[in-house]
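K.L.:
So that we are looking at the same thing, I have put the structure below in structure tokens.
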Amino acid sequence: MVAGATLRALELLSASTELRDRLEKNTRRFRSAMTAAGFEIRPGVHPIVPIMFSAFTPDDAPLAQRFARALLEEGIYVKGFFFPVVPRGLSRIRVQLSAAHTEAHIDRAVAAFTKVGKALGVLKVPAGSDAGYDMPVAVIHGARPGPVLAVAAGAHGSEYASVLAVERLIDAVNPAEVSGTLLLLPLINVPSFETITPHVNPTDNKNMNRFYPGDPNGTQTDRASFVITKEVIDRCDHLIDLHGGDLDENLRPYSYWTVTGNQKQDERSRAMVLAFGLDHIIVSTDRPKDPNASRYLENTATTRGKPSFTAEAGRSGPVNEADVTVLVNGVLNVMGHLKMTARPVTPVKNPIWIDPIDPGG
Ligand SMILES: [Zn+2]
């Protein structure tokens, strides 16, 4: 009897050691992967892991709440604690690890946190005299504070290289390596993309890079432009508008640099254009100076005192990998130039400055 009981106890003991080891291993795996992904975790070795949100925003309760809800939609059940349960600034999501989790479970949870952390969502263009639509947007909050850089594409929805470039940035940028925030709009002109219509939004036949700052009471293009001005331009410090050569265009890659006459701002946007890396640069001196009649997306940011520019690579429908790469690397270079990442940047040494015949974009 005694021998039997002892054996049973030893069995339990060794089993419990094994369980404990697995729990410790799971905890280490989760904590280190989450830290690498840029999340702020209360330090320690405990299998109950508090993920904090005050580094992203002083008003962390709504963020923690949205995060917990979005994780549930991803199939990950976590417990959120936010004001008034905990003081403001201490909102957290508590992840409870167990020995029953496999490595695949842990990796899936980290992937869900990373996905939700990139805040893939939509900007709602409300219905008005014609239909509304959802414009895709991704927000990537870096692990450290820094500037807000907006990158937009697809004002002309059949300029595919630019659309793919921003899609690729959404996947490629690691928040852990970023200081500041990226606002990424891969496809402004969804109706053009869906119907393969070059140059204009087929809903109202307007060029989606000519009606800024927009009008909440106008047609779809006016309302979409207004939403972008309010939700993107007003919230960013810089903007890069990417284009990709429309279905009937055959372009070599180049940038547009707008001269405002404000020397300090022009120097900053000029440095951004040179960091981007395209050596042919069209100098725009005749863009509107009035922020209420800014027309172009880039010019809407520029007339609001935000150093910005436009770049274009791609052509006539088929996607050339080199064009996508040039746009992706250009944005990563500007991020390096703005000290949003540690990426070393070599600005263009011998740019070719071009006076425009027709100020396009
Ligand atoms: Zn375009």
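The values are calculated or read from the model by the stated rules, or taken from the named source; none is laboratory data. Predicted model, so just to flag it, every value in this text is computed and none were measured. Neighbour counts run over all protein chains shown; Cβ positions are idealised from the backbone, glycine included.
K.L.:
Only one of these is closer than 26 Å to SER316 by Cβ and in a helix (DSSP H, G or I): THR229, THR221. Name it.
P.N.:
Values: THR229 fails: closer than 26 Å to SER316 by Cβ.
Testing whether each residue is closer than 26 Å to SER316 by Cβ and in a helix (DSSP H, G or I) leaves just THR221.
K.L.:
Of all residues in the range 136-159, count the ones that are more than 11 Å from the ligand (Cβ to nearest atom) and not hydrophobic (A, V, I, L, M, F, W, C).
P.N.:
7
A quick yes/no check of all residues on (1) over 26 Å from GLY142 (Cα atoms); (2) within 15 Å of the ligand (Cβ to nearest atom); (3) modelled with pLDDT of 95 or more; (4) not assigned by TED's automatic domain parsing to the domain that holds GLU159:
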site: PHE309; (1), (2), (3), (4): no, yes, yes, no
site: ARG315; (1), (2), (3), (4): yes, yes, no, no
site: VAL326; (1), (2), (3), (4): no, no, yes, no
site: ASN329; (1), (2), (3), (4): no, no, yes, no
site: MET335; (1), (2), (3), (4): no, no, yes, no
site: LYS339; (1), (2), (3), (4): no, no, yes, no
site: ASN350; (1), (2), (3), (4): yes, no, no, no
site: GLY360; (1), (2), (3), (4): yes, yes, no, yes
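K.L.:
Do we have PRO356 as in contact (Cβ under 8 Å) with a residue 24 or more places away in the chain, surrounded by fewer than 16 Cβ atoms within 10 Å (Cβ to Cβ) and within 16 Å of the ligand (Cβ to nearest atom) here?
P.N.:
Working: in contact (Cβ under 8 Å) with a residue 24 or more places away in the chain: yes; surrounded by fewer than 16 Cβ atoms within 10 Å (Cβ to Cβ): yes; within 16 Å of the ligand (Cβ to nearest atom): yes.
Taking the combined requirement at face value, the residue satisfies it.
K.L.:
Now a separate question. So how many residues does the range 309-361 have that are of a type outside the set (Lys, Arg) and closer than 19 Å to PRO147 by Cα? So that I can check it myself, show each step before the final result.
P.N.:
If we filter the range 309-361 for residues that are of a type outside the set (Lys, Arg), which is where we start, we get 309-314, 316-338, 340-342, 344-348, 350-361.
From what is left, the residues that are closer than 19 Å to PRO147 by Cα are 309-310, 328-338, 340-342, 344-345.
Going through the range 309-361 one residue at a time, the tally reaches 18.
K.L.:
Could you please find all residues in the range 222-249 being within 14 Å of the ligand (Cβ to nearest atom) and either at pLDDT 95 or above or on the phi > 0 side of the Ramachandran plot (or both)?
P.N.:
Answer for the range 222-249, where residues must be within 14 Å of the ligand (Cβ to nearest atom) and either at pLDDT 95 or above or on the phi > 0 side of the Ramachandran plot (or both): ILE240, ASP241, LEU242, HIS243, GLY245.
K.L.:
Inspect the range 199-207 for any residue being in contact with a Lys or Arg (Cβ under 9 Å, 6 or more places away or on another chain) and farther than 22 Å from VAL345 by Cα and give the result as yes or no.
P.N.:
yes
K.L.:
Now for a separate question. Where in the range 6-101 are the strands (runs of 3 or more DSSP E), entirely inside, with at least 3 residues that are at pLDDT 80 or above and either in contact with a helix residue (DSSP H, G or I) (Cβ under 7 Å, 6 or more places away or on another chain) or surrounded by 16 or more Cβ atoms within 10 Å (Cβ to Cβ) (or both)?
P.N.:
Details: elements: 48-52, 79-81, 92-96.
Of the strands (runs of 3 or more DSSP E) lying wholly inside the range 6-101, those with at least 3 residues that are at pLDDT 80 or above and either in contact with a helix residue (DSSP H, G or I) (Cβ under 7 Å, 6 or more places away or on another chain) or surrounded by 16 or more Cβ atoms within 10 Å (Cβ to Cβ) (or both) span 48-52, 92-96.
K.L.:
Another question, if that's okay. Can you find a residue that is under 19 Å from MET208 (Cβ atoms), among the charged types (D, E, K, R) and within 16 Å of the ligand (Cβ to nearest atom) anywhere in the range 250-271?
P.N.:
Within the range 250-271, not a single residue is under 19 Å from MET208 (Cβ atoms), among the charged types (D, E, K, R) and within 16 Å of the ligand (Cβ to nearest atom).
K.L.:
Please go through the range 206-221 and pick out each residue that is out of contact with any Ser or Thr (no Cβ under 6 Å at 6 or more places or on another chain) and either within 16 Å of the ligand (Cβ to nearest atom) or at pLDDT below 95 (or both).
P.N.:
Once the filter is applied, which keeps residues that are out of contact with any Ser or Thr (no Cβ under 6 Å at 6 or more places or on another chain) and either within 16 Å of the ligand (Cβ to nearest atom) or at pLDDT below 95 (or both), the range 206-221 yields ASN207, ASN209, ARG210, THR221.
K.L.:
Tally time: how many residues in the range 160-201 are within 12 Å of the ligand (Cβ to nearest atom) and assigned to a helix (DSSP H, G or I)?
P.N.:
Result for the range 160-201: 5.
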